[in-house]
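The values are calculated or read from the model by the stated rules, or taken from the named source; none is laboratory data. What you see is a predicted model, and the numbers here were worked out from it, not measured in a lab. Positions of Cβ are generated from backbone atoms using ideal geometry, with glycine treated the same way; all protein chains shown enter the neighbour counts.
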Amino acid sequence: MRIIRTKSQYEEAKADLADLKKAKKKVLEAQSYTIGANQLNRASLKEINDEIVELESAIDQYEQYGSSKRRVSRVVPL
């Protein structure tokens, strides 16, 4: 499972999620194709869906709980 701890990791995860969704659309259009003697096979749809679910879960965790930094406040009695 992927854990997001910082805002930069969060932004990177959002970008990765967008890329995975684009890849999913490409796979749905055509799993493989041939041009001349060259053949292209894309990743499996199951692997892409698993990655999307994992990233969405990590993003939801971060959005719900924020960063994993501990917040400490110090109180000095008078």
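Computed values, structure above
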{"item": "Single unsatisfied condition, Gln39 versus (1) modelled with pLDDT of 90 or more; (2) part of a strand (DSSP E or B)", "result": "(1)"}
{"item": "The stretch 42-75 - residue that is under 20 Å from Gln9 (Cα atoms), assigned to a loop (DSSP other than H, G, I, E, B) and of a type outside the set (D, E, K, R) and, of those, modelled with the highest pLDDT", "result": "Gly66"}
{"item": "All positions within the stretch 8-36 that are modelled with pLDDT under 90 and assigned to a helix (DSSP H, G or I)", "result": "Lys26, Val27, Leu28, Glu29"}
{"item": "Only listed residue being touching a residue at least 24 places away in the same chain (Cβ under 8 Å) and surrounded by 12 or more Cβ atoms within 10 Å (Cβ to Cβ), chosen from Ala23, Ala43", "result": "Ala23"}
{"item": "Residues of the stretch 1-18 satisfying the condition of being exposed (fewer than 10 other Cβ atoms within 10 Å of the Cβ) and not aliphatic (A, V, I, L, M)", "result": "Ser8"}
{"item": "Residues that are surrounded by 10 or more Cβ atoms within 10 Å (Cβ to Cβ) and either under 18 Å from Glu12 (Cβ atoms) or among the aliphatic types (A, V, I, L, M) (or both), drawn from the stretch 26-40", "result": "Val27, Leu28, Leu40"}
